[in-house]
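**Student:** Mind looking over this structure? Questions follow.
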Amino acid sequence: MLQMQLILHYDETYREVKYSNLGLQNIDSKMLMGINVTPIVALLFFGTKWMLFLAVGIYALFVSTNYWERYYTLVPSAVAIGAAIVPLWTSMSNYITRMAQKYYEYANYKMEHVQEQKRAPRGAYNSYIIGFQTVFYGLFYLCFVCAQFPMFFFLRSYLYDMNHTLYNVQHCGTKSHGILTGFNTTVLHKLPRSSELITVESVLMAVAFLSMLLVLILCGSAYRPTEEIDLRSIGWGNIFQLPFKHMRDYRLRHLFLFFIYSGFEVLFLCTGFTLSYGVCSIGLEHMAYILTSYGLSSAVCSIFTLSMLWLPRQVPLLAGAFVHAVLLIALFFWEPRACNLAEASMLYLVAALWGLGSSLNKTGLSVLLGMLYEDKQRQDFIFTIYHWWQAMAIFVVYLWSGLPMKAKLSILLGTLIAAVLSYLWMEHKVVKLIPHRLPKIPKPRHKMRGYRYLEDENSDETDSEKEDEGKESDSSEGEAPMDQQDQPRHRNRCAYEQALGEEGGDNAG
């Protein structure tokens, strides 16, 4: 829908005929600002299944506003989509990882630790996480193909050919500046009928509602009732703080450059490469074919992530980075000529190879995070910080749209090299068994009649600090006698046991 809007609203004649009295000349810039800026402040997470349902509903809201295009409908819905991006992707990533873990428990139900609901051995989930994430991303990348259906079946017959739209274009590729400098402001040789637009929007609305029903009916709970963390009970302050507190873990700190590059590369392909290389060279009517080749290649090449079942886990990420590095260097020296269909085969090849790198990058990162953070209580916060950094990268790409192409390629290549070096250093630390630091997750504080929890929870406290508690005191507390320090803790513990009875200790765990 957004792609179709951008093309329709770009056409000067379409804007004047349909929206001149509404002042919608710059509506697309405001919508893009809402979609790209809002995610950097969107860290709310209400739960796995219901967040999926709510986020898909917000996308349905965005589609529905096109029946009545106004500032007060389009811009707020774009802001709502921006706010839903990070929670949506956090929910999806966490849900796929939890389904892999639950399937392990289903397939190995006879094992003692599964029957007693104890923690599985380290690495037991890995093969299942690899398989589930590979299938998910293989299906996900097909959305780049489905997104071109409005172009193939509806809008393509209304577009001018490249001899008209590229008449004033002088430079493409590495010598381009901004986005499509000199591109003709009239891209439609006739205006689509309102009834046809309503038909397309109704189809998209039907797909959105079907998605909501599928999530509501087919998606089960991601956790057992005894495993579910009641986020409201740990306080909204902890919900916002815990993702960032996990950055104390050196593994996450060393990966955040890969998170940023993951956001850079997809948006660059969809905007920088597709427009400044593809559309600038072979015309707007071929844009759908470029994105389709990217989507099909990514979907098919996701299967290569299964190599992690036999090869070291570093292989997919490093292979994807190598493919993108070669392509970035090639793009730095490539200047395709405008109105030249001879460049089409090369453009499709680059899009397909970029899809290979993207599939290895995104699938490899999700699998790696699932392997490193098997603790079910931490996956929400880990995937939140992953997709928040991606949202930050999308915001940066939105800001740099006016830069020269060589500057964009240099930023991408520099970020990729730094990400690879940082990741290799992380793997070196892991091999050396250097301990990592994780924040303590506060216990859920459920309200009980006549009682309340008296002990203080400190989410800044790490697991290692918790183990050492009582053995030695901090330097600032060293002057207080140990018996005076232990008395309040003892009283709190007694009140807690009185409130919960014999099961108090188990429920707290």
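The values are calculated or read from the model by the stated rules, or taken from the named source; none is laboratory data. This one's a predicted model, so the numbers in the text were calculated from it and none came from an experiment. Cβ sites come from the backbone with ideal geometry, for glycine too, and all protein chains shown count toward neighbours.
**Student:** Of all residues in the range 172-182, count the ones that are surrounded by 18 or more Cβ atoms within 10 Å (Cβ to Cβ) and either more than 30 Å from the chain's Cα centre (by Cα) or on the phi < 0 side of the Ramachandran plot (or both).
**Tutor:** 3
**Student:** Could you check the range 98-127 and list, in sequence order, the residues that are touching a Lys or Arg at 6+ places or on another chain (Cβ under 9 Å) and either within 18 Å of Gly364 (Cα to Cα) or hydroxyl-bearing (Ser, Thr, Tyr) (or both)?
**Tutor:** Arg98, Gln101, Asn126
**Student:** From the list Pro316, Pro336, pick out the single residue that is within 20 Å of Gly182 (Cβ to Cβ) and either in contact with a Cys (Cβ under 6 Å, 6 or more places away or on another chain) or assigned to a helix (DSSP H, G or I) (or both).
**Tutor:** Residue meeting the stated conditions: Pro336.
**Student:** On to the next question. Just checking, which of Tyr67, Tyr72 is hydroxyl-bearing (Ser, Thr, Tyr) and at pLDDT 80 or above?
**Tutor:** Tyr67 is the lone residue from the list that is hydroxyl-bearing (Ser, Thr, Tyr) and at pLDDT 80 or above.
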